Amino acid sequence: VTYALQAKNELARLNTGSVCCRNAELTAFIHLGGSLQLSGQRLSLNVVTSNAAVARRLFGLFKRAFNLTAPEVLVRKKVRLRKNNVYLVRVTDSPKLRELVSQLRLLQRDSPANLPAAESKCCRRAYLRAAFLIAGSLSNPEKSYHLEIYTDYLHQAEALAAKMISFGLTPKTIERKNGFLVYLKESDQIGEFLNIVGAHKTLLDFENIRVLKDLRNRVNRLVNFETANVNKTVDAALKQMETISFLRRQPLWHTLPATLKDLAELRLAYPEASLQELGEMLVPSLGKSGVNHRLRKLEKMAAAVRHKDMRPAGFCPPGSESCSES
Ligand SMILES: [Zn+2]
């Protein structure tokens, strides 16, 4: 299972939230993965994906969000080895479909990919989620940091980038032979993107790999270290750093007292430092057992958060018609 597939499988199974978010999501699927087909006088809308979970999600969204006539799902089996099946989700002609086509300005190639109404934050998250599901890829963080979303049109690339920027990300756009790529290269930006779209389990994995990788690199740079000491310090520090990077993504983080936050920041900045060294860096300084005590407090908080349900932030509760988050 590739890393991108893991992320997509998680996202495709998330709750679709309220009406506004479902529409935003479906809009992204259509903008980035849809095509219109006209045979004779009959119009049909097709969206193609090679991911079964994404096809299921699309089917559900089409059925619910725009009250369209029942969509069909066609499967094309790939004969060659290591090729995925291709799923085609198709909606056939109806007044509703024609209304949708004009509403989303699907026939105007150069029109900006605007949503009908001003978007709330939840809907921008939903749009980015679907964009990644239908046209995104993510490299394995063990190897490199790269997340990209492909689109045929410049105006869609610009709209995608604008939505990312609205969350504080700094995406880049590059022209390719047949279209455009909007991409993120930095590990913390990719982590933040996963957080924004609600891929929280994938994000935890991502953070663990990232912390481990950073730590390995730093430790490798240290030369005069006794092996036994290194292992012991590394194991403990690794666990503490995982805990802290997890906590930093929680709302709880902003409510932590400075005594805990300062120590946490120092731990991240100096992975190879011993507890005693960390204590000496604090103002006022603190003994080894005091440092240990605070670290354990952080660990307890993280454990408490992890046990709570992991419903992604940014979803309107199912059934609610409007979004108050903005
Ligand atoms: Zn919404």
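The values are calculated or read from the model by the stated rules, or taken from the named source; none is laboratory data. What you see is a predicted model, and the numbers here were worked out from it, not measured in a lab. Neighbour counts are summed over all protein chains in view; Cβ atoms, including those assigned to glycine, are modelled from backbone coordinates with ideal geometry. For accessibility, only protein heavy atoms count, side chains too; no ligands or nucleic acids. Shrake-Rupley method; radii C 1.70, N 1.55, O 1.52, S 1.80 Å.
Just a few scattered comments:
- Gained length - residue 140 relative to residue 308, 0.36 nm times residue gap less alpha-carbon distance: 57.7 nm
- Residues 183, 3 ordered from highest to lowest accessible area at a 1.4 Å probe: 183, 3.
- Counting heavy atoms of the protein chains alone, residue 254 has an accessible area of about 140 Å² for a 1.4 Å probe.
- Overall Cα dimensions of region 143-219 - principal axes, largest extent first, Å: 44, 25, 18
- Residue 2 - accessible surface, heavy atoms, 1.4 Å probe, Å² rounded to 10: 90 Å²
- Annotation for residue 254 and residue 15: the two label points, set 7 Å from Cα along the Cα-Cβ direction, are 2.2 nm apart.
- Total charge dipole magnitude, region 129-220, about the Cα centre, Cβ charges on Lys, Arg, Asp, Glu only, Debye to nearest 20: 180 debye
- Label-zone membership for region 139-165, site residue 217, 7 angstrom Cα→C-beta point, backbone N under 20 Å: 139-148
- Sites residue 270 and residue 186, calculated FRET efficiency, Cβ-Cβ separation with R0 25 Å, nearest 0.05: 0.70
- Net charge in the neighbourhood of residue 249 (other residues with Cβ under 11 Å of its Cβ; Lys, Arg +1, Asp, Glu -1) is -2.
- When the listed pairs 261/300; 261/308; 8/172 are checked against a 18 Å cut-off, the alpha-carbon distance exceeds it for 261/308; 8/172.
- Solvent-accessible area of residue 158 with every protein chain in place, 1.4 Å probe, in Å² to the nearest 10: 110 Å²
- For the pair region 137-214 and region 1-69, the centres of their Cα atoms are 20 angstrom apart.
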